[in-house]
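Data block below; observations after.
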Amino acid sequence: MSRKALITGGCGFIGRQVAQELLENGYSVAILDSLIAQVHGDGPPPKDARAEYHIGDIRDPDLVRYALKGADFVIHLAAEVGVGQSMYEIARYVGVNDLGTAVLLECLIDHPVQRIVLASSMSVYGEGLYETEESARFGRARRQRERLQAGQWDPVDTDGRPLKPVATDEEKPVELASIYALTKYAQERAVLIFGEAYPVEAVALRLFNVFGPGQALSNPYTGVLANFASRLANGQSPLVFEDGRQKRDFVHVRDVARAFGLALESPQAAGQAINIGSGHAYEIRQVAELVAQALGVQELRPEILHKMRSGDIRHCFADVSKARELLGFEPRHRLEDSVGEFAEWVRETGAADNAAQMRRQLEERGLVS
């Protein structure tokens with residue numbers, strides 16, 4: 001039986017790991033990627049001789065149709081990534097993420113595949129799930145600018161009372177807080193709607209904060225772990241917005257790649273949006289300290305900015321019960337056990353520190369206050 005998968009964005013950080021996962025499990029693999037400089041730097045990443053490559057824009061229908069030839073599955077990773085940058089390069093993000101997905105889906109009408117699996121994002125939740133003081137679910141938390149400007153970082157309920165962050169499940173209502181989140185949700189809905197209308201099974205994986213060797217260390221708009229590592233490797237303290245107590249879920253790229261493989265093959269996953277995370281919550285300042293320790297520069301303490309960045313949320317970490325149930329997914333690589341491997345890769349690779357440039361670009365547009 002033919003098992004060929006087209007991976008859009010397959011030269012990226014996650015895409016390379018997904019390609020390796022599929023190749024090692026008997027798939028043949030085609031890759032479509034635009035190789036933009038912000039992600040890939042001056043030169044393209046090394047190619048895997050076992051895969052075929054198509055270099056160009058996901059919005060080019062002729063290229064997409066050509067890349068789809070013989071494909072039985074699609075893993076759709078091609079996207080512009082980053083909350084901060086999306087707030088001012090709006091046309092770029094909407095163009096690549098939403099128009100690019102639309103072009104791909106139109107091509108699939110004439111070149112149908114068995115299943116498409118989309119990389120969605122935890123950003124679609126906005127704030128994560130909370131509980132009230134009475135332990136009731138509170139899924140519509142939003143932070144008010146006046147409170148943020150006063151340094152009151154944590155959301156409150158409708159009566160102004162404190163909320164307790166809890167693991168976010170897929171039943172939590174979507175609450176879009178950035179242009180990036182808007183584009184990812186549009187991608188997700190488009191793919192799932194397409195799967196209902198056409199004989200193509202569709203799955204959306206809502207990825208939490210992915211980390212591991214191979215991240216784009218010089219791109220300050222992706223991967224907070226890579227951003228911290230780039231600063232530390234250049235003798236600079238990590239820049240931490242707000243008070244550093246915000247909580248996130250960090251999932252290893254190899255766990256993510258395995259999740260995509262499972263999502264291609266699990267019958268009950270069709271039509272579903274599924275969280276892919278570690279199921280653990282980490283404070284951002286704690287993460288900066290973990291990376292500094294792994295790199296042997298503990299004296300470089302995080303620089304806590306006590307400023308908010310437009311589009312950011314306070315807490316969001318994953319409930320992965322649905323992934324366990326539908327995919328048989330179990331995270332294997334916890335952050336605290338894997339940060340040493342990540343640090344070793346950073347030392348070997350080297351990185352330019354562009355975090356100050358990122359901060360300046362946001363401040364010039366009034367997106368930091």
Can you give the FRET efficiency to the nearest 0.05 for Glu299 and Arg365, using r as the Cβ-Cβ distance and R₀ = 25 Å? 0.15
Any chance you could list the semi-axes, whole Å, largest first, of the equivalent ellipsoid that the Cα gyration tensor gives for the chain, using √(5λ)? 32, 24, 19
Simple label model, 7 Å out from Cα along Cβ direction - Gln286 to Gln268, nm: 3.1
Could you tell me whether the stretch 1-140 comes out rounded, prolate or oblate from its Cα gyration tensor? Rule is a ≥ b ≥ c as square roots of the eigenvalues, rounded for a/c under 1.5, then prolate if a/b exceeds b/c, otherwise oblate. prolate
Could you give the length gained by full extension between Asn25 and Arg140, i.e. 0.36 nm per residue of separation minus their alpha carbon distance, to one decimal place? 37.3 nm
Hey, rough spin-label estimate for Arg50 and Arg189, points 7 angstrom out along Cα→Cβ, what's it come to in nanometres? 3.9
If you wrap a convex hull around the alpha carbons of the stretch 62-105, what volume per residue comes out, as a whole number of Å³? 67
Which of Lys172/Lys322; Lys184/Lys322; Lys164/Lys247; Lys4/Lys322; Lys247/Lys307; Lys69/Lys322 exceed 22 Å between C-alpha atoms? The answer is Lys4/Lys322; Lys69/Lys322
Quick one: of the DSSP bridges fully inside the stretch 171-319, what percent are antiparallel, nearest 5? 15
How far is helix 13-24 tilted, in degrees, relative to the longest principal axis of the Cα atoms in the chain, given as a value from 0 to 90 rounded to the nearest 10? 40
Expressed in angstrom and rounded, the centroid-to-centroid distance over alpha carbons for the stretch 40-91 and the stretch 264-282 is 22
Principal-axis tilt of helix 284-294 within the chain, Cα atoms, nearest 10 degrees: 80
Taking every other residue with Cβ under 11 Å from the Cβ of Gly56 and scoring Lys and Arg +1, Asp and Glu -1, one gets -3
Report the net charge of residues surrounding Val339, where surrounding means a beta-carbon distance below 13 angstrom and charges are Lys +1, Arg +1, Asp -1, Glu -1. -3
How big is D for the stretch 117-158, in µm² s⁻¹ as a whole number, if Stokes-Einstein is applied with the Kirkwood radius of its Cα pairs at 4 °C and 1.567 mPa s? 108
How would the stretch 128-223 be classified by its alpha-carbon gyration tensor: rounded, prolate or oblate, with rounded meaning a/c under 1.5 and the a/b versus b/c comparison settling the rest? oblate
In degrees, nearest ten, helix 179-197 long axis to first principal axis of the chain (Cα): 30
Within-12-Å neighbourhood charge of Tyr282 [Cβ basis; K, R +1; D, E -1]: +1
Rounded, prolate or oblate, given the Cα gyration tensor of the stretch 29-111, with a/c below 1.5 counting as rounded? oblate
Under the definition of Cα pairs under 8 Å and six or more residues apart, what whole-number percent is the relative contact order of the chain? 18
Cα-centred dipole magnitude for the chain, charges only on beta-carbon of K, R (+1) and D, E (-1), debye, nearest 20: 300
Set the Förster distance to 30 Å, then compute FRET efficiency between Glu171 and Arg334 from the Cβ-Cβ distance, nearest 0.05. 0.75
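FYI, it's all coordinate maths here, none of it is from the lab. What you see is a predicted model, and the numbers here were worked out from it, not measured in a lab. As a convention, Cβ positions derive from the backbone with ideal geometry for all residues, glycine included, and neighbour counts pool all protein chains shown.
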